[in-house]
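Please read the structure below before turning to the comments.
The values are calculated or read from the model by the stated rules, or taken from the named source; none is laboratory data. No experiment lies behind these values; they were computed from the predicted model shown. Note that each Cβ is placed from the backbone with ideal geometry, even for glycine, and that neighbours are counted across all protein chains shown.
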C-alpha cells in the first residue's frame, strides 16, 4: 500500500486529465454527431454521402488504429499543409515584390500535443456513434408536431429549440448515456500516445514497483466510480426531459 500512497498524487492528476479528455471529447462528439445526423437527414445527396462515409469508416475501424492513425498521420498532414501554405505565401510575396518580414514568424512545424490529439480523436470517433443516436431521436419526433409549428408561423430555429430539441433529447439520452460511458473508457487509449492519464501513470508505476495488479485495480475502481456518478446524473437528466415533454 505504501507504493500506492507514493503515487497517489500522480494518480489524482491522471484522473483529472482523464475527466478533462472525456468532457472535451464529449462536446466534440455531440457537435459532430448532431451535424452528421442533420446531414444524413438532409435533402442534399452530397451531405448524406459525406455523413454516411464518416459513420461507416469510423465504426468499421478499431479505435486503437484510429487513435494511432489520427495522431501520427494527422501530425504529418497538418505539417505538410503548413509547409505548402508557407511556400505559397513566400512565392506570392516574392513575385509581387511585397515586404514579407512577418513571414519569418509563420510556424514551420506545428506540434500536436497528445492532449489535443487525444481529445480530437476520441471526439471524432464517438461523433460517429452519436450520429446514429441523434438521427434515430430526430426520426422519432412526430411529423405532425413540426407541421403544426410551421402552421403557427414559427421560425425554423424556434421549431428546433421549442419542439424538436426537448423531444429529441428525451429519445436520445439513453443512447448519449451509453456513448458517454463508452467514451469514458475509451480515454484509456490516450496512454498509447504518451498522455499522462490514469492508465499511463499506472503503467509507469507498475513498471517501477513491479506491482501491476495494485495499480491497475485502483484505476479500475476509479473508472467504476466515474461511471457510477455518471449513471446517477444521467438518470436525473432522463427524468427532467421526460417531465418536460409530457
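Here are the numbers:
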quantity: Residue list for the stretch 199-243, filter: at pLDDT below 90, surrounded by 14 or more Cβ atoms within 10 Å (Cβ to Cβ) and within 16 Å of residue 23 (Cβ to Cβ); calculated: 234, 237
quantity: Selection from the stretch 58-87 of residues that are free of Cβ contacts under 8 Å to residues at least 24 places away in the same chain, assigned to a helix (DSSP H, G or I) and exposed (fewer than 14 other Cβ atoms within 10 Å of the Cβ); calculated: 60, 65, 69, 72, 73, 76, 77, 80, 81, 84, 85, 87
quantity: Helices (runs of 4 or more DSSP H) contained in the stretch 115-232 and holding at least 2 residues under 25 Å from the mean Cα position of the chain (by Cα) and under 20 Å from residue 13 (Cα atoms); calculated: 165-186, 198-209
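So that you can scan it fast, the table gives a plain yes or no per residue for (1) within 27 Å of residue 69 (Cα to Cα); (2) in contact (Cβ under 8 Å) with a residue 40 or more places away in the chain; (3) out of contact with any strand residue (DSSP E or B) (no Cβ under 7 Å at 6 or more places or on another chain); (4) buried (at least 21 other Cβ atoms within 10 Å of the Cβ):
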site	(1), (2), (3), (4)
114	yes, yes, yes, no
123	yes, yes, yes, yes
148	no, no, yes, no
183	yes, yes, yes, yes
186	yes, yes, yes, yes
